[in-house]
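What follows is a set of notes on a single structure, which appears directly below.
The values are calculated or read from the model by the stated rules, or taken from the named source; none is laboratory data. Values in this document were obtained by computation on a predicted structure and should not be read as measured data. All Cβ positions, glycine included, derive from the backbone under ideal geometry; neighbour counts span all protein chains shown. Only protein heavy atoms, including side chains, enter the accessible area calculation; ligands, DNA and RNA are left aside. Shrake-Rupley method; radii C 1.70, N 1.55, O 1.52, S 1.80 Å.
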Amino acid sequence: MNPLLLDIPLELETERLILRAPLLTGDGEVVNQAIQDSFTELKEWLSLFQQLPTVEETEILLRDAHINFLKRESFRFLIFDKSGGKDHIGTASLHGIDWSIPKCEIGYWINTKYNGNGYMTEAVKELVNLGLNHLECKRIEIRCDSTNFKSRFIPEKLGFMLEGILRNEDLSADGSKLTDTCIYSKIN
């Protein structure tokens, strides 16, 4: 089946969270505020955030994510508190999709002020469910820097298998040194 014909929900719900695809317009400001709140931590792990983006740049990033969602190339979800909170808790996505297998990778980041509440584990668990049960993926990966223990905790808690650690596999987010990458997987 052509992936463009797949019915992918634009919104997912967990016990405490709403995960929704970026809107065509208007999410840039709230997401940019979360990036500002978390910039020091994001800069350490993500090359995308080596400089603080403007609201306009964030809006463009999210419009591109909306287009990629429609093209079935990646599925980015913005995470909000189900009880009506307006703050952006974080972002989680299914990306690196290979429809011929099918398989994908999950990536995520959290607004620093929401660390330690289990929100990202809850959101990633829902994306795993979407990937394995709705998209019928045969493999889902989570890759992260071997020293990013907060990120590593999530796949470990969700029962992913650590397949290996690739030594000197990537550059640090700032490009200054080589890093090791953990590869976790869950198969269907």
Neighbours of LEU62 by Cβ distance under 14 Å: Lys/Arg at +1, Asp/Glu at -1, summed charge -3
Which shape class, rounded, prolate or oblate, goes with region 1-59 when its Cα gyration tensor gives a ≥ b ≥ c as root eigenvalues, a/c under 1.5 marks rounded, and past that a/b bigger than b/c marks prolate?
prolate
When ranked by the protection proxy of mean other Cβ atoms within 10 Å per residue, highest first, what sequence do the peptides 73-81, 36-44 form?
73-81, 36-44
I'd like the distance separating the alpha-carbon centroids of region 80-123 and region 126-141, in whole Å.
14 Å
Efficiency of FRET from Cβ geometry, GLU56 and PHE153, R₀ 41 Å, rounded to 0.05:
0.75
Accessible-area composition of the chain, carbon plus sulfur, in percent [1.4 Å probe]:
51 percent
Within the set of other residues whose C-beta is less than 15 Å from the C-beta of GLU163, count the net charge using Lys and Arg as +1 and Asp and Glu as -1.
+2
Using the heavy atoms of the protein chains alone and a 1.4 angstrom probe, what is the accessible area of the chain per residue in square angstrom?
54 Å²
For n ≥ 4 DSSP H runs only, could you compute -39500 (n - 2.57) per run for the chain, divide by its residues and tell me the 222 nm figure to the nearest 500?
-9000 deg cm²/dmol
Between region 1-50 and region 143-160, the Cα center-to-center distance that results, in Å:
19 Å
As an exercise, use a Förster radius of 35 Å and the Cβ-Cβ distance of LEU6 and GLU163 to find the FRET efficiency, rounded to the nearest 0.05.
0.80
Relative contact order [Cα under 8 Å, 6+ residues apart], region 1-154, whole percent:
22 percent
When a/c is below 1.5 the answer is rounded, else prolate if a/b is larger than b/c, else oblate, so apply that to the chain with a ≥ b ≥ c taken from the square roots of the Cα gyration tensor eigenvalues.
rounded
